């Protein structure tokens, strides 16, 4: 468990402050994360690695000469918002564009896609590369769905060395993609991890067993198996990875590769060396040549007891990039001349500009801001009740988290109206504010939802029922992908899906947006109330499933409150519009 902390909600911020204080010769803090404190060649590509806090040395520990130019850092195990990513990317940009690279997690993909669009709109060329090395997380034919774990290091290192060599953005992306295609990882865990302030781990493994393929956030693995000896475990990992040799590798004998044996936090270096001894024997027996292996903690998960093995299959260029020097707080290779420090003024990041919007979209933004204000009012009025519902089988902080998020979103909406923003940009900035201020699961979920809706609405047209229904559907899909929840799990999804389906049906039947939303909100309220009869299957309430029977899900109830508040705003707007038309007719 995590012993040393102050307020759990401040842990990510305070660890970043301490990290920068300890390594100020290499990194500097900027809004959203850290960047190199040293100069990079003008016109070179910047590599920005991105992920949640709690995995040190990933991701901030890899910022420095020869590796990443910046790291956007979310809260513990949470994706950073698009706003945070853009902030770090702007500070890291050297004039040659930015490559955002990250482990392939749904929340990351959503946020980074939005960040890429914003950066490109600002004139900063940007590309994305999601690392997909974890073979346990999806079958080979669905490799695009695989998670990024310790193989992140191989991809980050290759991309960064290509940037240092002067490659342009397209060439750096090609190198990163080839490194990703040649990287495979497989791991096990003997226990879950416990976040600061929590009294139980995110996920447990039965006594005497190991979770084969368990993810770094406690995602379930392939199976539970009895804990084996070190040699047997090495054989399990090596055999699994040798069954997935990249297509570009025609034969094993004579092939050169690098190896990363990664400890997840609770397995000590001495144990890792015992395992690596057998790994090296097995690979050498296959006629393989191991090039500059790494054994240690490269991607961790607090106190999770476990490890993973990564094979990085090299070609001539990738080997050169893997062996190139680097000097970061947590990763050093070879030697290199220290770069000149950047001036303090160079870390001042200007706020990104607001995309131009049409009058129709600015008018719609007024309605969106009113809807967020109404949502704020209803949540603030029901904070205690939402906390009471959540406390039945959870930690009771749902009301407080929702209040922080919606207040921040509503404040941002007012500010965006003053800047003449369109509906899409207003929602996206409100999403960032919600995610940044609220933290926790609700902050991430509502950030994803408002971002998806804002993307669908855009800044060009006045949204009609079909466009709004599409945005709600995409918001639901994003939340389910990010949170892994589905209908029946007793979450917000159990109210959101019926709402989305009802809204689409009414719009397709010819109802105007206001009428369609009103009817769909009634469906959502009924569905939220009905969650009282469900047992939670995911999340913190799952261990107390029986206790939660008879009490609805707090997330579903708060969603229904917001949907009904928005319905009232739409209805009022329709009434006022009708009154104006009647007056004009007279």
State yes or no: is residue 169 under 29 Å from residue 95 (Cβ atoms), surrounded by fewer than 21 Cβ atoms within 10 Å (Cβ to Cβ) and either touching a residue at least 24 places away in the same chain (Cβ under 8 Å) or not assigned by TED's automatic domain parsing to the domain that holds residue 5 (or both)? yes
Is it the case that some residue within region 219-238 is surrounded by 21 or more Cβ atoms within 10 Å (Cβ to Cβ) and assigned to a strand (DSSP E or B)? no
Do the conditions hold for residue 385, that is, is it in a helix (DSSP H, G or I), surrounded by fewer than 16 Cβ atoms within 10 Å (Cβ to Cβ), more than 25 Å from the chain's Cα centre (by Cα) and at pLDDT below 95? yes
Output the residues belonging to region 173-199 that are buried (at least 20 other Cβ atoms within 10 Å of the Cβ), part of a loop (DSSP other than H, G, I, E, B) and free of Cβ contacts under 8 Å to residues at least 60 places away in the same chain. none
Quick one: is residue 510 at pLDDT 95 or above, at positive phi and outside the structural domain of residue 218 (by TED's automatic domain parsing)? yes
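Do you know which residues across region 116-127 are part of a loop (DSSP other than H, G, I, E, B) and either buried (at least 23 other Cβ atoms within 10 Å of the Cβ) or touching a residue at least 12 places away in the same chain (Cβ under 8 Å) (or both)?
The answer is 122, 124, 125.
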Regarding residue 407, is this residue in a helix (DSSP H, G or I), under 17 Å from residue 563 (Cβ atoms) and not assigned by TED's automatic domain parsing to the domain that holds residue 51? no
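Yes/no per residue for (1) surrounded by 16 or more Cβ atoms within 10 Å (Cβ to Cβ); (2) part of a helix (DSSP H, G or I); (3) modelled with pLDDT under 70; (4) under 31 Å from the mean Cα position of the chain (by Cα):
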site: 537; (1), (2), (3), (4): no, no, yes, yes
site: 545; (1), (2), (3), (4): no, yes, yes, yes
site: 555; (1), (2), (3), (4): yes, yes, no, yes
site: 558; (1), (2), (3), (4): yes, yes, no, yes
site: 561; (1), (2), (3), (4): yes, yes, no, yes
site: 572; (1), (2), (3), (4): no, yes, no, no
site: 581; (1), (2), (3), (4): no, yes, yes, no
site: 584; (1), (2), (3), (4): no, yes, yes, no
Pick from 341, 359: which is over 26 Å from residue 181 (Cα atoms), modelled with pLDDT of 95 or more and surrounded by fewer than 19 Cβ atoms within 10 Å (Cβ to Cβ)? 359
Show the residue pairs meeting these rules: Cβ distance below 8 Å; 6+ apart or different chains; first residue within region 495-523 and without any contact (Cβ under 8 Å) to a residue 40 or more places away in the chain; second residue outside any helix (DSSP H, G or I). 497/487; 519/511
Could you tell me whether region 273-289 includes any residue that is loosely packed, with under 15 Cβ neighbours inside 10 Å, in contact with a strand residue (DSSP E or B) (Cβ under 9 Å, 6 or more places away or on another chain) and not in a helix (DSSP H, G or I)? yes
Criterion violated by residue 202 - all others in (1) surrounded by fewer than 19 Cβ atoms within 10 Å (Cβ to Cβ); (2) at pLDDT below 95; (3) in contact with a helix residue (DSSP H, G or I) (Cβ under 8 Å, 6 or more places away or on another chain) satisfied: (3)
Picked from region 393-429 (must be out of contact with any helix residue (DSSP H, G or I) (no Cβ under 6 Å at 6 or more places or on another chain) and closer than 30 Å to residue 550 by Cβ), the residue surrounded by the fewest Cβ atoms within 10 Å (Cβ to Cβ) is 395
Out of contact with any helix residue (DSSP H, G or I) (no Cβ under 8 Å at 6 or more places or on another chain), within 30 Å of residue 227 (Cβ to Cβ) and at pLDDT below 95, is that true of residue 108? no
How many residues does region 296-342 contain that are closer than 21 Å to residue 136 by Cα and in contact with a helix residue (DSSP H, G or I) (Cβ under 6 Å, 6 or more places away or on another chain)? 4
Read through the list (1) farther than 29 Å from residue 420 by Cα; (2) over 26 Å from the mean Cα position of the chain (by Cα); (3) part of a helix (DSSP H, G or I), then give the number of the only condition that residue 360 fails. (1)
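The values are calculated or read from the model by the stated rules, or taken from the named source; none is laboratory data. Just so we're clear, the structure is a prediction, and the values are computed from it rather than from any experiment. FYI the Cβ positions are ideal-geometry reconstructions off the backbone, even for glycines, and counts take in every protein chain you see.
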